[in-house]
Structures are given as structure tokens and as C-alpha cells.
Amino acid sequence: MPEPHIVAADPAWWRTAVVYQVYPRSFADSDGDGIGDLAGVRSRLGYLADLGVDAIWLSPFYPSPLADGGYDITDHRAVDPRLGTLDDFVALTKEAHAHRLKVIIDVVPNHTSDQHPWFREALAAGPGSPERDRYIFRVGAGPDGAEPPADWASHFGGPAWERVPDGQWYCHLFAREQPDLNWDNPEIRQYFLDTLRFWADLDVDGFRVDVAHSLAKDLSSPLRSQPDLDRNLPLDGSDPLYDREEVHEIYRSWRAVFDSYDPPKMAVAETWHPTTSRTYLYARPSELGQVFDFSLLKAEWGRDAFQDVIRRSLEDHQGVGGGLTWVLSSHDVPRHPSRYALPAGVTPDAWLSSHGTRPVLDPGTARRRGRAATLMMLALPGSAYLYQGEELGLLEVADLTEDQLRDPVWERSGRTLKGRDGCRVPLPWTRSGPSFGFGPAGAWLPQPAWFADYSVESEADDPESSLTLYRQALMLRRALNADDTGVDWLDTDDPQVLHFGRRNGWQVVVNFSADPRPLPEGRVILSSGPLDGHLLPGETTLWTVRR
Ligand code: TEU
């Protein structure tokens, strides 16, 4: 089994890394203001090292009015004073490295906050000014320009345009507090190259690129119509807003920056559209190296659904030379054990909109399926991204009341979609205390009473806990062949059983059925649930090795 420092010294560490996503405002609060902070993250690095992850990815910690949970930034090169200082960031990175943890930060290049000095200047300077040219301002359509300039839709609901008092409109693909930057403007391109260098010089190891496929827009006149307003279609390069060929030039210029460091910095692109072989172009070694593959995260629990997306991802990434990624949970989606416990036909959105009152399958189902999916994912080749709290088996907090919601999705959807707060509730560290050990006082989103049983304190020494399973799995995973990208599908006559082998001799069996199946051949290395004699229980994943 390789020593952790050997893994860390490998410049291609990210290809097989397990990355732990920290949503800083909800991770650990050191000063009692109810908001997690960098000192809080620093105080828990020992926990993360013991968990066995290779890297942490910090969601935005930059100054922000929090119209979109920190993805609305007023200064890309500073720390939100509520979360700490730049010195705190430097100390955190240094200490993470001492724990052999890499540090990845979020870069949000598509938009700024509407409180960013540039946007204030743009409003003050008026139409036609160089200040406005940093953003996408246009005159409106229709009589008096009272209609939006194009039919572009915001991800959070409603049109992607907002009118300003002098009559012009600006584009925002997300909340109206997040005006889109104009990437045709060389000043913006240079600013982000310099921003990457700023953080790289502070020793960060990599970057997660927010909405990576949207920077290069077709802004030629007249503005084109957006063919897929729901953004559910695979992209083919013809969309005016997403995945245009020109966006790749931007990442080639970023790669030059990354490769000017030794070891080179890593990067991972985020693009939410359906994953295709085009998606993997972002992962070319000449560009970002990795791209999130969300197809597993979007798949419903079931043998065929899971096998299809794994097969397709393995194929789609072939020949690109980039890394492969897997992810089940993030700060943008309901936690995966809860998703897998929804009755057939009930979407996560419909469930959340009922404020969690619609019946879900029992918590035992959520737990079994969540653990089985995780163990399957962690045995796949490539890199895996975990979201904070999933190692505790946390469920979605589905009963937040309307006045507690902070996600802009709630208002922009006309109060029809509850949004993403239910997976952003601050973590429980202890069984009791004002915020279950999150901090010395309360938490910015209320934590339910059942968090006590999911706290680190409750789970740390429990051999059956989710935390124990994640620790064991991550330790064992280090023994998997480092850069073997192969999966051998093994035949099974059972439509509810998935069986694959890895080239190091490991075999992985997932029983999707609720009923037990015969235990496969081989020595058991790890199981996502207790084994029952010679049976593999329902909704359980098993790792075995050939005898
Ligand atoms: O998300 C991009 C994105 O496309 C999401 O809006 C996605 O469609 C949605 O969250 C699925 O539920 C990134 C960030 O991850 C997200 O938190 C930000 O809100 C968004 O960019 C804007 O910066």
C-alpha cells in the first residue's frame, strides 16, 4: 500500500484523489457568529486527514453579500471578513499541507456580485462606457426597449436580464445580483489570469471552475435565441451561451499559468448540462485536466441506470487524456441517501416543495442505498468528490420553513422550488451543544434534533456508522491501482445485480434489489452493510478480492 506522502508527491495526484468539498460557511465556526470560517476549517484538518481524503476543495470564501451563498463575489482576491483574513487562508493552506492534504479553491469567472466595484462603476458610467463593457449590457427589445434583449433564461428561474434605471438591460445567467462578465473584453481575461496566479502564489494546489462552459458567449448582434431554455439537452457547440468552441481558448491560456508552477496546478471544470464526450474536452491535458461528470449524481437508484452512466463516462473520457471524476453529492443537490429514498415518480424538487411532508421511503432505505452507492463509487477508477457531511450519512434537511430559506432559487422560481439550503445546514460535530459543536453559538441555518445521532461524536467510535465505513473505504482505496482506468464488467444473470472487476484483482458487487442474493466468490474486503451468513443483503455493495 503506498504511503500517503508518495501519493502526495505525485504531480498527477489529482487523477485518483478523493477530494472533500468544504462549504466553508457550514463546516465549522470558530468565533460564534453562526457562520463557519477558515479558522474553523483549520481546526478540523486533523479530522479530514484521519478520514483519509487527499484534498479539500473550498467553496467560495471571498467577500460576498451572499445573494447566492458566496457565488456572488465582490473581491476575487480577498477573504470575507466574516470568514477570516488572507493570513488565515495562508495558515490554513500551510497546515493542510502539513497534514498531506491538497487545497483546491473555487474560481467563479462567469459573474461577479452586483456589489462588486466594477458593477457599481458600470452603473455610474452609463451606456457605451468602458466600465459597462466589463459586463453584458444591451438595449431592450420591443417598443421603448421594455422587453429583455433576448430570450435567455436564468438558471434560477425567470429571464436572464434585468433593466437598470437608464433603460439598458444587463445579462445574469444566475440571480439578478450576479451580473455576467463580458469575456470578449481582454481586461477580464487578464484579470482572471492574474487572479489564478495570485492564489497559485499562495500555494493552492488547484482550482474548481464554476460554470466553466459559459464564459465564451456569442454576443454578436442581433443576439441569438437560446434553443434549450431548460438546459436539459446535450450541447453540440451551437448554443449561443454554453460550450462554445471559443471557451477552450480561455482554458488553454489558463493551462499555461498552471504549468508555470512545479508541480503544475490542477483544475476541474463544472458544467451542469448532460455529460457527453464533448464535456470531456474540458479535461484535455492542454486545458483543465478534469471535468465534473455529474451523470452518476443525476442517475436514479437502479442497476441499469448506474451501469449505463458508468459505461458512458468510461467511454466518453476515452482518448481525451484527462481525468475521470465521480460525484454523488454537492452543495447544489439534495443529499444522495435522501434522493435514493424517494418513491418512484417523486422528484427531489417535488419532495422539497412539499417541505418534506410527502412520504419518503424509510430512513433505513436511505441509509442502505446511500452507503451502497458510495462504496460503488469509491471503487471506480479515477477521482471521487465527496461533499461535507456525506461521510456522516447525513440526510437532506427537508423541513426548513419558508422564512428560513436563503437560496435565491426560492424567490426566483416564484416560490415554487425550495432550492439548495437543505444540504447546506451546518455540520454536527457533537451530540449536544448550541449548534451540535458547529461553533460556540448558534448556526446560520437551523439544525434538526436528529443531527445529534449523525454527529461526528456519535459516529466516531461506532463500527456500524457511516463515518467508520468512509474511513475504511478510503484507507482501502489507497491500495487500488493508481492509474488503472479500466473496469471489467462481469456477467450476471440477475438484472438487479451489478458486478465489475478492477485490474488489481478487486471485484465489486452491488445488489440493487431489496432482497438478499448469494454471496459472490472471493475474500470480502469491505461491505456497505452487515453480511448475513452466505447472503449478500439487499441494497448492499461488497468489495471482494480473488482468493
Ligand atoms: O452551479 C452552476 C449550476 O449550473 C447550478 O445552478 C445548477 O444548475 C444547480 O445548482 C443545480 O441544482 C454553480 C455553483 O455550484 C452554484 O452553487 C452557484 O449557484 C452557481 O454556479 C452560480 O455561481
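The values are calculated or read from the model by the stated rules, or taken from the named source; none is laboratory data. Predicted model only: the values in this text are computed from it and were never measured. Using ideal geometry, Cβ is built from the backbone for each residue, glycine included, and neighbour counts are taken over all protein chains shown. Surface accessibility is based on the protein's heavy atoms, side chains included, excluding ligands, DNA and RNA. Shrake-Rupley method; radii C 1.70, N 1.55, O 1.52, S 1.80 Å.
The label-point distance for Asp166 and His99, in a model that sets each label 7 Å from Cα toward Cβ, rounds to 4.9 nm. Segment Ser225..Arg547, full-extension length gain: 109.9 nm, with 0.36 nm per residue of separation and the alpha-carbon distance subtracted. Of the GluC sites (Glu not before Pro) found in segment 264-322, the ones in coil according to DSSP and having at most 14 other Cβ atoms within 10 Å of their Cβ are Glu300. For the chain, the longest principal axis of the Cα atoms and the long axis of helix 363-378 meet at an angle of about 80 degrees. Which shape class applies to segment 117-171: rounded if a/c is under 1.5, otherwise prolate when a/b exceeds b/c and oblate if not, where a ≥ b ≥ c are the square roots of the Cα gyration tensor eigenvalues? Note, shape of segment 117-171 comes out oblate. Per-residue surface analysis assigns Met475 an accessible area of about 110 Å², computed on protein heavy atoms at 1.4 Å probe radius. Put a dot 7 Å past the Cα of Arg415, heading toward its Cβ, do the same for Ser354, and the two dots end up 2.1 nm apart. If you sort Asp218, Asp31 by accessible surface, 1.4 Å probe, largest first, the order is Asp31, Asp218. Each of Val346 and Asn232 was given a label point 7 Å from its Cα along the Cα-to-Cβ line. The distance between the two points is 2.0 nm. Backbone geometry of segment 515-524 corresponds, through the Karplus equation with coefficients 6.51, -1.76 and 1.60 at θ = phi - 60°, to 3J(HN,Hα) couplings of 9, x, 10, x, 6, x, 4, x, 8, 6 Hz, x marking Gly and Pro. On a 0 to 90 degree scale, rounded to 10, what angle separates helix 466-477 from the longest Cα axis of the chain? Computed tilt is about 90 degrees.
How many angstrom separate the Cα center of segment 355-423 from the Cα center of segment 157-198? Taking the Cα centre of segment 157-198 as reference, the centre of segment 355-423 is 30 Å away. Ordered from longest to shortest, the equivalent ellipsoid semi-axes for segment 73-126 are 31, 12, 6 Å, each the square root of 5 times a Cα gyration tensor eigenvalue.
With a Förster radius of 22 Å applied to the beta-carbon distance between Ala125 and Asp201, the computed FRET efficiency rounds to 0.10.
Legend: residues Trp450, Trp199, sorted from most to least accessible area (1.4 Å probe; ligands, DNA and RNA excluded), read Trp450, Trp199. Using only Cα coordinates, the Kirkwood hydrodynamic radius of segment 486-545 works out to 11.4 Å. The convex hull drawn around the Cα atoms of the chain, when projected onto a plane and averaged over every direction, covers 24.2 nm². The GluC sites (Glu not before Pro) of segment 159-248 meeting both criteria, a DSSP state outside H, G, I, E and B (loop) and at most 15 other C-beta atoms within 10 angstrom of the site's C-beta, are Glu245, Glu246. Taking a ≥ b ≥ c as the square roots of the eigenvalues of the Cα gyration tensor, an a/c ratio of 1.5 or more together with a/b no larger than b/c marks segment 416-465 as oblate.
The residues of segment 95-222 expose, per residue, 37 Å² of accessible area to a 1.4 Å probe.
In segment 164-303, inverting the average of 1/r over every pair of distinct C-alpha atoms gives 16.5 Å as the Kirkwood radius. Each stretch of four or more DSSP H residues adds -39500 (n - 2.57); spread over every residue of the chain, this sum gives -7000 deg cm²/dmol at 222 nm. When Val268, Val346 are compared by accessible area of protein heavy atoms, the largest-first order is Val346, Val268, using a 1.4 Å probe.
Per-residue Karplus couplings for segment 315-325, computed as 6.51 cos²θ - 1.76 cosθ + 1.60 with θ equal to phi - 60°, are listed in order as 6, 4, 8, 4, x, 7, x, x, x, 10, 10 Hz, Gly and Pro entered as x. Helix 186-201 and the longest principal axis of the Cα set of the chain meet at an angle near 40°. Counting 0.36 nm for each residue step from Arg311 to Arg431 and taking away their Cα separation leaves a gain of 39.1 nm.
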